[in-house]
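Some notes on the structure that comes next.
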Amino acid sequence: MENPFKKNVELKQDTTEETEVNNESEISGEVAGANDESKIEEVVNDVENEEHSQKNEWQGKYEALNNQYIRLAADFDNFRKRQVQERENMLKYGAENTIKNFLEVIDNFDRGLSAIETMDDCEKLKECYKLAYKNFQESLTKVGLETIKSIGEEFDPNMHEAVMQTPTDEYKENTIIAELQKGYLLGDKVIRPALVNVAAAK
């Protein structure tokens, strides 16, 4: 006959063993779970650190570009102010050198006016006038003014303005035969065309 006490002992042993196995499984699961959480936390920390590092890098780049923009804006503002000042000075004093060239002409006219008061000789008066006129022309030449050639030249609509046409056999057609008013160039620019009479076919 089977001993019931022995059977109960075996049953208790089996139950204990099963409990121990279950406990070990739970512990292993908890350890595994803890390891997984640790890994996840590690990954999250790595991502956060990388994001923080990237944020700092972009912040640094932004500040550098912003500082560069501020410097460029300041430089441009200074340049603009200098340009405005230079333009004002040019408008105010641009004619200074030109006027200096005419001071000698004014002096000659002053001397001529003083001389005329005591002058009786018309020839001397003419001579003074010619001298003053020559001096004036030289001053104009110094500032770049040139007289446009007209008489005997072929008519050029860029330089001349025909106010008359005279039919003639003495001159080749389109030749300037008379100048009614002088024309002038300043450098390469026509500041006043010459008013001329042009030969036409008879």
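The values are calculated or read from the model by the stated rules, or taken from the named source; none is laboratory data. The structure presented is a predicted model; accordingly, all values stated were derived computationally and were not measured. In this analysis, Cβ positions are derived from the backbone assuming ideal geometry, glycine residues included, and neighbour counts consider all displayed protein chains. Heads up: the accessible areas ignore ligands, DNA and RNA and are worked out on the full protein's heavy atoms, side chains in. Shrake-Rupley method; radii C 1.70, N 1.55, O 1.52, S 1.80 Å.
A search for C-beta distances below 6 Å between a residue of region 159-187 that is within 29 Å of Leu145 (Cβ to Cβ) and any residue that is open to solvent by 60 Å² or more (accessible area, probe 1.4 Å) and of a type outside the set (A, V, I, L, M, F, W, C), counting only pairs 6+ apart in sequence or on different chains, returns Asn174/Glu154; Ile176/Glu153; Ile177/Tyr171; Lys182/Thr147; Gly183/Arg192; Tyr184/Arg192; Leu185/Glu146.
Assessment of region 101-114 against the conditions (β-branched (Val, Ile, Thr), in contact with a helix residue (DSSP H, G or I) (Cβ under 9 Å, 6 or more places away or on another chain), part of a strand (DSSP E or B) and surrounded by 12 or more Cβ atoms within 10 Å (Cβ to Cβ)) yields no matching residue. Counting only residues that are assigned to a helix (DSSP H, G or I), open to solvent by less than 100 Å² (accessible area, probe 1.4 Å) and either within 30 Å of Tyr133 (Cα to Cα) or among the hydroxyl-bearing types (Ser, Thr, Tyr) (or both), region 69-98 holds 2 of them.
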